[in-house]
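The block underneath contains the structure these notes are about, expressed in structure tokens.
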Amino acid sequence: MKGKLLLLFCCIALLTAPVFVKAQPQIYNEKNVTQDVLTEHYYNSVPMRVMEYSTDPGGSILERRLEILPENGLPSVRIRTINDLFEEIPYVNQPPFDAFFDNGLFGFKNSVDAATLLFGTEVALKVIKDKFGWIGLDNQAVNSKPIIWNILGQIKPSFVASAYYNPIAKEFLLKSDGNEPEKISHIDVVGHELIHGIIDTKVGNINLQKVSPCSERRVLEEALADIIGVYILNEYEQNSPAFYKWTHGKGFMVPGRSFDDPNSKQQPDTYFGNYYENVCPIDGDFPEHQNATVIDHWYYLLAVGTTGTETNDLGYSYQLSGIGINKAIQIIWNCLDHLNAKTDFKDLKKITLTVTEQLYGLHSTEYLAVMDAWCAVGICENNLGPFYMSPAHGASGVEPWPGVNVNVTWEGLPVDEWAFQMATNTAFTENVQNVLIKNFNVVIKPGGGSAYSGFATGYYRPGERVYARARITKAGANFCKGYNPLCVLYQQYGPAHAFTLDDKQTKFWHAVPGDHWTVNPWNDPSISWKSVANAEQYVYEVAEDDTFTKIVFTGNAPFSGNFSESGAINTPLQPDKEYYTRVRAKRFNTPNLTDNNGAWSETEVINVITPRTSVLQAVNQKPGDPAAEVGSLGFWVGWHPFPGSTQYIIQIATDEAFQNIIRTKTVAGNLSTALIELPSLPDGSYLSVRVLPQNGPAFGLCDKFWRVKTKEATATPLMKSPANGTAFPFNAFLGVFEWKANSLNLNLVHHFEIHFKKKSSNLTSIFLTPDKTFSMSLVDASLFDSKQGFEVAVLAVGPLGAKSALSPPFNYNICPDQPEVVFPVDLVSQVNVAQDLVVKWKDSKWFDPGSTYLVTISDATTSAVVPGFSNKPTTATSMLVPAGTLTAGKKFNVTVKNSSSCAGIFAADNVFSTVGSGGSNQPQPPKLVDFTIELKGYRNDQKGLGLETSDFVLGLKLIDPNGNELALVDPNMNQVTELLVDSENSGVIMKAFSQPQGEYKLQLTMKNIFSPLLYFPFDQPRYSVFLNGNPIVNPHVITAHFLDPGSIFHEWKINHQFADIILDIK
């Protein structure tokens, strides 16, 4: 079938393509004439009609072609060949006219082939018209469709030249290059093909309809064409019955199809008998010509009959009297009008009986002969009158599972035992199973009366053809006495029933109707099929090829009995690849039967999709749209989840081809959103974002990536306190600054940077918080020595170093500081009112000329000011309070202000008490104490992998309250004079013992900076000082002013003397 379909498609392509007709001279005076022409199958030339014409108007230059003009009510006929250039070339004979129409263009053999076709067509058309009253292909007396034969060279060399009908072009074909030793183109074959064309006109061509390649409809059309073709041949040759030719398409080497004795040519003469093919191969090449001889033989028996009693392959005996060829052929011809796409053998039997009834009458001799002839070829119930066996003969789709049940029902006398025999061939020699039945049921017939029934079970595989027959082995003594039709079955098998078991083919089931599978390779891919009754298990395969030679997975699934079953494909499938799958049902092996498998399902394609996702934010982003602005620290990204992903890989690149990926983040497969942190990038960087699904080592694709542009100002913190414009005292010991998150996503923040810029130098010191804290205390009096004030701003830093924009800065003022009162000591001193009191204080660090100190003494309880001491001015650092000014037994408060200071810079209140006698009006001598000083240094250390600051050395001195240098020792009692800062955690602890309380000065000097002199401005070098564990300077950023190296603000230079650090040791 594949070969014929290939030929058909090639011919269709050829005949439906544009044909460039070779230029021919204009012809005149066309007419049909008779000429002797040599053909393939007759040794002498035969007379036939051809077309004669002239190439000049006067008719003096004559030629002839293998062509007939319409005449006698018959259509025109034309023989042509088509060359490699698709040119139509006729077969021409020029004077002197001979038996060959080669015109020098064709070989001798081609010319004979062409003449054979024309001759056969002339004969067939005449017989069909004379015997059946049918004209041409379409029975049109006027404008009948022309009959065209096309001779085509073989695609491959062949031993046989074969004729075909093309249902699309409605033309006829002969595949021949003239060199084949066998030409199947005799009159019966040409007539056969013409019948195909006539059937196409009457009821349509089955090749253009959805008819199974294994349908009996195809077989019976071949048989009907065989019968009429043989009839045409014998009518032409006028063969008598004794010399009648009963073989269709016979050649020298091709045996043809036998009507009278098909078995002699290994062809079937019985339905489901010997040589009958009923297995439909997977490739669809069903032997439709092979099985046609069953109907060919039926026709022979109907027309000729038998010479005695004969027995068919199923054990059915018959003796027939033929009705004659003329009557039989009329039955065949009249059947053509009753065919349809679903007609099978049994339908044809009904059609022949209907036609015979119309032609010769119901129950006529001819009617009974038709019926008997069908039984003779096995298309009959094969039952005796009172005896019935099922499955019926010729039945198909018989249930094989769990076993094959053969039932027998009979009327009349009871039987003690039946013997059933089953096999897979007509001779009952293959896979024979014998079953005895001794137990029977009595059944009540619908019309009244009773009958007996029983059954036997055999075990055969699905799709097999089973032959079953029965005989009576035990019965009563009087069973065969008198008239008992069942006596013929006593100790003798009756006619066999042949039936085909259901192949139990599994059929795929799609929730949404379809013929292929689209699967996700990561999400438990599976296939589904309809449940097969009585199956116990299913086997399914997945392969890389449709012949299943490269199987990648074989699975088993148990029978559930649900409407549909399914099986998982538990092997990795390659995305974007096409696989093939099939499934079949089976039963487990038993002692009775092994390999009990149903037929494989139709093969279906599995299309494995490529796992893919899309970034949600990119779905509506068109190619020309601007990039979406995102924060510099990072952003949320979402995507369409892909089922089966174990994780997703988020990639960020600086290019759309993702050649320069700067950030990769892996998240769990159950997520569809993630917060992605960015590394440090220039503001306004254009980035591409994609998400790749992943399962194990396999990655999917991202259909839509997202184009973004970073913007540092998208999310920034905001300063909170102190309020903008707040004043700080000069050389303030401490500044506490707070901020808030504002629009920041804190999950993107690792810490904050405080940018502290002195307005006097415009140099910025950068301080880092240890974490996400929202405040920072700056303990460094030198920060607050810029009389022009300072500004503070904050930015957020991500875990990968990305930074937000700085917040809008808060501006702060520096005002002259208030003096510190040293006596009376706050909450300690008791003074004698009978003696003079001298109030003492330290100078303000910022005391401009013209400034004064304003001294106020007041009752600490009532706030009443002591007369004469309300903002009493002085430029000294002490003031006398004469004896008798204060009242004993009270508490007083003394406050000293710097007149140049600002509002909001509050002076400290010192509270002391008064007594009438005793007390002390002088400061007490200092106590001796131990104390510890810790100096820590920092410089960024990138281990040579990035920009870093040079190592440096801090020299140090400690000056006691009397101005003397005090030696410092470490815990091992080694003197300490410097600190080498060569890492991010350099430091030294220094101790002093039994030293007087008072104000000490720690003096630090930049003793050395190691070459090369490098300074990293975004992570500046710094130091911190702690006294007894409490911060005094924490930290001080060492500033650099390379544009003005001589500036006092340029501290990154050797021998730079840092501002004294005051240590108030108590």
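All of the numbers you see were taken from the coordinates with simple rules; none came from a lab. Because the structure is a prediction, the values reported are computed rather than measured. Neighbour counts run over all protein chains shown; Cβ positions are idealised from the backbone, glycine included.
Odds and ends about this structure:
- Under a 5 Å amide H cut-off, with hydrogens placed 1.01 Å from N, Gly322 pairs with Gly305, Thr306 among residues at least 5 apart or on other chains.
- A Förster radius of 51 Å, combined with the Cβ-Cβ distance separating Thr311 from Asn523, puts the computed FRET efficiency at roughly 0.20.
- Computed from backbone phi with θ = phi - 60° and the Karplus coefficients 6.51, -1.76 and 1.60, the 3J(HN,Hα) list for the stretch 553-566 is 7, 10, x, 10, 9, x, 6, 9, x, 6, 4, 10, 10, 8 Hz; x is used for glycine and proline.
- Length added when fully stretched, Asp982-Lys507, from 0.36 nm per residue minus Cα-Cα: 163.1 nm
- Calculated FRET efficiency for the pair Asn1055/Ile989, C-beta based, R₀ 25 Å, to 0.05: 0.45
- Leading residue at positive end of dipole, the chain (Cβ point charges), from Ile905, Ser317, Ile569: Ile905
- In the stretch 415-528, one over the average inverse separation of all distinct C-alpha pairs is 18.1 Å, which is the Kirkwood hydrodynamic radius.
- Length gained on full extension, Asp337 to Ser878, computed as 0.36 nm times the residue gap minus the Cα-Cα distance: 180.7 nm.
- In nm, spacing of pseudo-spin labels at Asp138 and Ser264 (7 Å Cα→C-beta vector): 4.4
- Net length gained if the chain between Ser60 and Ala99 were fully extended (0.36 nm per residue, minus Cα distance): 11.9 nm
- Other-chain or far-sequence residues with amide H under 5 Å of His1056's (modelled H): Met1006
- Counting only alpha carbon atoms, the long axis of helix 345-360 and the longest principal axis of the chain meet at about 40°.
- In straight-distance terms, cross-link reach from Lys342 covers every one of the aspartates and glutamates whose alpha-carbon lies under 13 Å from its own, apart from those fewer than eight places away in the same chain; here that gives Glu216, Glu221.
- Spin-label zone in the stretch 167-185 - amide nitrogen under 16 Å from a point set 7 Å from the Cα of Phe159 along the C-beta vector: 179-184
- What separates the Cα centres of the stretch 687-747 and the stretch 478-512 is a distance of 86 Å.
- Rg/Rh (Cα only; Kirkwood hydrodynamic radius) as it applies to the stretch 612-712: 0.95
- Inter-part distance, the stretch 323-374 to the stretch 750-803, computed on C-alpha centroids, equals 110 Å.
- At R0 = 35 Å, FRET efficiency that the Cβ-Cβ distance of Thr673 and Thr571 yields, to 0.05: 0.65
- Structure-derived P(r) over Cα pairs in 10 Å bins from 0, in percent - corresponding label in (1) 2, 9, 16, 19, 18, 14, 11, 7, 3, 1, 0, 0; (2) 2, 8, 11, 11, 10, 8, 7, 6, 5, 5, 6, 6, 6, 5, 4, 2, 0, 0; (3) 2, 8, 15, 20, 22, 17, 10, 5, 1, 0: (2)
- Paramagnetic label reach from Ala713 (point 7 Å along Cα→Cβ; backbone nitrogen cut-off under 15 Å): within the stretch 782-824, residues 804-809.
- For the stretch 441-457 and the stretch 572-619, distance of Cα centres in Å: 47
- Helical runs (DSSP H, four residues minimum) scored at -39500 (n - 2.57) apiece and divided by the length of the chain put the mean residue ellipticity at 222 nm at -4000 deg cm²/dmol.
- Less than 5 angstrom separates the built amide H of Asp836 from those of Ala883, all sequence-distant by 5 or more or on a different chain.
- Over 26 Å between alpha carbons, listed pairs Lys145/Lys350; Lys131/Lys175; Lys842/Lys936; Lys438/Lys586; Lys840/Lys1066; Lys210/Lys346: Lys145/Lys350; Lys131/Lys175; Lys842/Lys936; Lys438/Lys586
- Paramagnetic label reach from Ser1011 (point 7 Å along Cα→Cβ; backbone nitrogen cut-off under 18 Å): within the stretch 1034-1058, residues 1053-1055.
- Under the convention that each Lys and Arg Cβ holds +1 and each Asp and Glu Cβ holds -1, the size of the dipole of the chain around its Cα centre is about 2760 debye.
- Couplings 3J(HN,Hα) of the stretch 912-924, computed from phi: 9, 10, 10, 9, x, 8, x, x, 9, 9, 10, x, 7 Hz, in residue order, whole Hz [Karplus 6.51 cos²θ - 1.76 cosθ + 1.60, θ = phi - 60°; x for Gly and Pro].
- The stretch 516-608 - Rg (one decimal) and Dmax (whole number), Cα, Å: 13.6, 46
- Of all lysines in the structure, the ones whose alpha carbon falls short of 20 Å from that of Lys622, not counting any fewer than 8 places away in one chain, are Lys704, Lys709.
- Applied to the stretch 257-263, the Karplus parametrisation 6.51 cos²θ - 1.76 cosθ + 1.60 on θ = phi - 60° returns per-residue 3J(HN,Hα) values of 10, 7, 8, 7, 9, x, 4 Hz, with x for Gly and Pro.
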